[in-house]
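The values are calculated or read from the model by the stated rules, or taken from the named source; none is laboratory data. Computed from a prediction, not measured in an experiment: that's the story for all the values here. As a convention, Cβ positions derive from the backbone with ideal geometry for all residues, glycine included, and neighbour counts pool all protein chains shown.
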Amino acid sequence: MRRRILKPVETDEDLTLALGTEKCRGSVLSLADCFALALARRVGGGTLLTTHSELGRTKGIGVKYLQIE
């Protein structure tokens, strides 16, 4: 995996509404997972890495499920 620089992201009203919309769709995802999903959709073009199998099934963005044994 290439080395990437992580940048902190402040939440704002639009991002909060996007994560709330995701959660209200009957999602079994945690608020943190919904935040990651909303942010990934906003940023676009990348791949969201997760160990949460439900988040790994998300459509519309690049998600890579990492199974931990």
Which listed residue, of T21, T47, T51, T58, is modelled with pLDDT under 80 and of a type in the set (S, T, Y): T58
Across the range 7-60, which residue is surrounded by the most Cβ atoms within 10 Å (Cβ to Cβ) among those that are in a helix (DSSP H, G or I) and touching an Asp or Glu at 6+ places or on another chain (Cβ under 7 Å)? L37
Regarding D14, is this residue in contact with a His (Cβ under 8 Å, 6 or more places away or on another chain) and not polar (S, T, N, Q)? no
